[in-house]
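Here is the structure we will look at.
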Amino acid sequence: MRRLWLSRTGRSQGIRSALAVQVLLAMMVAVVLVPAVTQAQQPVELTMWFGRRDFIPADAFSAFHRANPHIRVKTDVIPLERAVAEFLRAAQAGRAPDLVQVPADSIGPLAIQRELMDARALIERWRSEDPTGYGYLSPAAWSLASWEGTPHGVALHLGPYWFAYRVDWFREAGIPHPPKTWDDVLAAGRRLRTPDRIGFSVLGSRAHDPVWFLSTFMSMGGKFRDAVPQLDSDAGVYLLRFYQALMRDRIANPETLAWDSGDMRAAFIGGKAAQILEGDNIFPRFNAAMPYLFEWAATTPPVRPGGEADARYMALGWPYLISARTKHPYEASLALRYLARPDIVGEVARRYQPTTVGPAMTDRAYMVAKPWTPDFIEPFKKLVPLPGHARQPQLYQVLLDAMQDALRNPTADARAMATRYQARLNEVAAGR
Amino acid sequence: MRLDRRPPNPAAVTGMGRPRSRSWVKHATPYVLLAPALILVGGVLGYGMVSGFATSLFRVEVWHVERPFVGLANYARLVRDPTFQNALSRSLVLVFATIAAGMVVSFSTALAVNALRRGRDLLLGLFLIPFLVSGVAAAVTWRFLFIGATGLITMALERIGITGTWLGDPTRALIVVTLANVWFLSPLSAVILFAGLQSIDPEIYEAAVIDGARRHQTLLYVTLPLIAPVVATSLVWLTFASFNMFDIVLPLTGGGPGRATEVLGVYMYRLAFRDLNYSVASAVMVILLMINVTFSAFYLRVFRV
């Protein structure tokens, strides 16, 4: 009886003790977990600036919102040309977006002003939580979003410049194709120009950054020192002479100095130009006007004779960067992971810019949308980002001056011109 | 009943109707009504000007975190900079060419409309259309007229033997920009001058005719002196609008070819929003403001307004 009583009593006390311990544990867990869960589920609104409407995925984040009901992404389009200035102004006013897209060569000012988040921890978390998705990204995805080795986001799109030409005109004229060197381009241009068409379409105005000029420079083996192009080199002099020849031999349009990218593209699409160096994203428009391989074809940019070993294929990039002022860095990185999904980024790449996400570039739908892709699979792996300097906009102004000087003075001494402009580039880079 | 009671003096009545308060309200009312506009203009423009001037005294560059005070160093740098000198010279050419051509066009338009008996308002309204169109739209239209072999004016000129590129040649591009600028700014100048002509008493002209004055004498010795103040206003308009011109130039030529049409407005825009060099751009703004104020003061003094 006593034993029985003891048992009951002991059991009761034991049960009470166990219950007390369990309640205490539950309370401790609740104190720790509930706020975290509550915080995680608190509605989060992210603001994201895209540099072009074309970059916004077709589903406009609806799949992301379904998968993350507590996160809402509000998008806006701030043109790439204004993105840096607008972002800095917004940041100073305390209204910076959580994510911004800028040209890769313009990251410097934002990083120097400490307005970009060091994304290393977020990227590491991405790798551990989604190794498959992380593994799809090429190294360029990180390098194009980095400044001085620190990643600030991810570049899901990059834009190479390829050489396109009227393969039907080349065949009719019996000219070997594709042109291997830029001398071949000039020679073909001289043979193919007529009163109604030009041999090579190029823009010469100040309406855009000199990215076509620099792409040609890099394909000629042009080099950079601390992100400053070395114009007073064999490649630089050759480049200036190339531009001079375009005007001197009337291979390009006499209005080239006033031409912007629209004029340049319209000439080729409209059947008024035999050759052009253009971004991959414009090729769908060529294809809509002329069937690939029947009327037009594309290849990697030609090279400079003697500079073959140094030739490189330049690519621009438009990374998505995380603001240093965001209150939701993890959620911002989730938005980037969503954009990096092959089905999401692939839809954008099929109609706009190529991507750094491997599966999206090799799937059948992409090949059908861009039938020239198989010809560029290997060159794509060798793309080199355009080097970016902190004073990139000012360097661009000097390069535009050099380009226009060559176009306006087709008989001037190109080497002296290169030396003169290199001095100005060095002054600008040094902040003088 | 007291017979010497005088009727109450309304001026001595307290509350509403007291002459002193009525006078105060009457004097204060215009200022009160103007206050919102003044606050808006002063707040937006005034703040911008003061802030811009302050920024021009510091080195504000996006590739530096520090913003040290540099005094007038930005101005000294600008004066020595060949690109600034080029922009200033281009602006001066544009301004003086616009004044010359603009005054001829607007004054002759005003005289012609003033001489009309019927359809005056309709014609004046039609003349104002270029000014009512946005600068960008006007610039794009002018670009279409002169670009390439298919530009309407280019083709017309080729038929009379004037060939060659217009927007691709530095001198010709500046001519096109000037023509577009005159086309855009002259209408308002014409309206200003027309208003001045309308204010002249017709009897003065009758008296001049009776005195034997010829038409050109009437114009020189009667019309022009009487409308001198509005001529000054018109000149101020043409001058400062030309110095500040931006939305015609940028879409039309982008400041090119070379920097042949890079006037101060385009130069300042490029410094601020392409080069992100805010302090030097602010210095350009201050210089532009001083130039405009100087010219305006000169006109007002010469024409004794």
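Throughout, read-outs are computed from the coordinates displayed, never taken from laboratory work. Not measured: the values here are computed from a predicted model. Glycine also receives a Cβ, built like all others from the backbone with ideal geometry; neighbour counts cover every protein chain displayed.
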Kyte-Doolittle mean at least 0.5 and Cα axial length at least 18 Å: DSSP H helices in chain A: A:2-41
MRE, 222 nm, helices only [DSSP H, n ≥ 4, -39500 (n - 2.57), over the protein assembly as shown, to nearest 500]: -17500 deg cm²/dmol
Within straight-line cross-link reach of A:LYS327, aspartates and glutamates at Cα separation under 16 Å, skipping those fewer than 8 residues along the same chain: A:GLU45, A:ASP98, A:GLU115, A:ASP118
Neighbour-count ranking [beta-carbon atoms within 10 angstrom, fewest first] of B:ILE39, B:ILE210, A:ILE175, A:ILE198: B:ILE210, B:ILE39, A:ILE175, A:ILE198
Proximal lysines to B:LYS26, defined as alpha-carbon separation beneath 26 angstrom and excluding residues fewer than eight positions away on the same chain: none
Under 15 Å from A:LYS223, Cα to Cα: aspartates and glutamates that are on another chain or at least 8 residues apart: A:ASP232, A:ASP234, A:GLU308, A:ASP310
For A:THR355, residues with placed amide H under 5 Å, excluding near neighbours: A:LEU158
At least 15 Å along the helix axis (C-alpha) and Kyte average at least 0.0, DSSP helices within chain B: B:19-41, B:82-115, B:135-146, B:170-198, B:228-243, B:278-302
Percent RCO, i.e. relative contact order, over chain A, from Cα pairs under 8 Å lying at least 6 residues apart: 24
